[in-house]
1. Test of the criteria: in region B:94-132, which GluC sites (Glu not before Pro) are in a DSSP loop and have at most 11 other Cβ atoms within 10 angstrom of their Cβ?
2. Just to be sure I understand the model, the point goes 7 Å from the Cα along the line to the Cβ. What's the resulting residue B:260 to residue B:86 distance in nm?
3. Provide the net charge surrounding residue B:228, with neighbours chosen by a C-beta distance below 13 Å and charges set as Lys +1, Arg +1, Asp -1, Glu -1.
4. Based on the inverse mean of 1/r over its pairs of different Cα atoms, what is the Kirkwood hydrodynamic radius of region B:266-331, in Å?
5. What do you get when you divide the Cα radius of gyration of chain B by 2.2 N^0.38 Å, with N the number of residues?
6. So which trypsin sites (Lys or Arg not before Pro) in region B:286-350 are both in a DSSP loop and have at most 14 other Cβ atoms within 10 Å of their Cβ?
7. Using only the Cα atoms of region B:37-154, what are the Rg and Dmax in Å?
8. Quick one: Kirkwood hydrodynamic radius for the protein assembly as shown, alpha-carbon pairs, angstrom, one decimal?
Amino acid sequence: MRLIVTLTILLGSFACAPVHQYQRGTLARDGMQLEGDPGEAQLNAHMLQSREGAAGGYGTAGGGCGCN
Amino acid sequence: MTLAVVAALALAQTDVDARLSIYTDSDRTTVVSPFVSASAPIPEGTVSAGYTADIITTASVDIRTMASQKIVHDTRHQVSVGYSDKIKDTTVTAGYVFSEENDYLSHGGSLSATQDLLEKNVTLGLNAGYEHNLVWRAGDFGGNKPFDVFTLGAIYTQVLGPKLIGSVSYDLIYGYGFQASPYRYVFISIPSDPGHVAVPETDPPLRVRNALTGKIAQSLSDWIALQGDYRFYADSWGVVAHTVAARLIFEPGDAWTVRITARGYVQQGASFYQPVYTEPLEFMTAGRELCNFWSALGGVKVIYNYPSRGTTRIVSFDAKIDLLYIDYLNFPALPYRIAEVYELGMNLRF
């Protein structure tokens with residue numbers, strides 16, 4: 001765990017200057033949310049994962065196939 | 001894990017999400033999926049629950065080439081519950097998912113933790129999950145076969161500037177057990193022998209999947225944002241895939257949001273997949289999802305945020321349409337597939 005935290009701090013400090021709380025108005029907008037709507041994402045991931053050979057990387061879509 | 005995501009997003013408010021998705025394609029398949037999830041704060045943390053179903057009507061190429069029935073009806077039900085708690089800058093989430101259909105039973109559990117670091121400029125997330133599945137031919141539960149899945153994932157999210165944020169994630173998925181379709185048969189055409197032999201498909205019992213994903217979101221103006229994703233995928237069956245997606249999001253005011261999506265996917269198929277088998281092999285598949293193919297998806301989503309009323313702080317309605325084209329490069333029974341996905345949703349936050 002210590003190694004992970006140390007690596008994270010190192011990566012973070014190399015990246016950019018810290019963005020303070022008062023500078024984050026734009027980042028709070030819906031259009032800047034990387035994960036989007038979780039319900040829509042779950043349905044979408046399930047639809048694609050049963051039709052493509054690849055899975056993972058976009059959250060898990062629950063068990064079962066529902067594909068036929 | 002799905003519930004883990006839902007629960008983690010709503011740590012301090014009651015949230016209800018209801019939607020209906022309809023998938024229909026040129027391979028004679030229609031899937032209607034109602035979905036509802038809710039999460040609410042309790043004195044110590046947040047609890048969540050959800051339900052979704054897939055109501056399937058199909059006469060797809062799998063059925064046309066083998067099954068005696070001309071049209072198949074099936075319904076998959078899925079129930080999930082979750083619990084999240086935030087302690088200082090760490091969020092811990094536990095989830096359980098149960099799903100069943102007439103030939104599939106699944107229990108899954110997950111545990112995840114996210115930690116904010118560097119004045120919340122960095123978020124580190126770790127997750128682990130286990131899923132136990134049973135697969136059988138409809139009407140033959142006694143012949144069920146197990147399939148177990150272990151997942152490990154890590155995600156690193158970094159604020160890169162006041163208008164730029166990105167993340168990198170890695171998922172390792174270890175699957176062991178019966179991973180073929182209990183209905184699909186492989187035709188073996190032996191050149192020296194007229195006719196062909198049909199045998200059940202046989203996939204390798206072990207599949208180790210790796211997915212590395214990068215995402216970025218850049219604000220272009222006060223009301224336009226651009227998002228981009230790239231995913232590299234490789235597994236022990238020889239499947240290698242690249243996925244690229246972009247979303248342009250317009251937020252011209254408080255009421256309306258419009259999102260335009262484009263997604264491309266290209267896949268090198270499994271090493272044991274062959275369009276035609278000329279001799280019996282240890283592993284053989286008739287799965288089109290394991291052949292070489294590419295696909296393109298385009299779509300539009302419109303969200304309307306209804307003005308606040310009483311105790312309901314936010315009510316939003318959304319509508320989406322996606323068009324998907326899949327070009328199968330070496331699957332003789334189905335050269336392509338065109339699909340449409342329609343979705344209506346409503347979200348309430350108290």
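1. Sites meeting the loop and neighbour criteria: none at all.
2. 3.5
3. Surrounding charge for residue B:228 is +3.
4. For region B:266-331, the Kirkwood estimate is 15.8 Å.
5. Values: Rg = 22.3 Å, N = 350, 2.2 N^0.38 = 20.4 Å.
In units of the 2.2 N^0.38 Å rule of thumb, it is 1.09.
6. B:313
7. 19.3, 62
8. Values: mean 1/r = 0.0441 Å⁻¹.
Final number for the Kirkwood radius of the protein assembly as shown is 22.7 Å.
Every number here is computed from the coordinates shown, using simple stated rules; none is lab data. The model shown is predicted, which means the values in this text are computed figures rather than measured ones. Note that each Cβ is placed from the backbone with ideal geometry, even for glycine, and that neighbours are counted across all protein chains shown.
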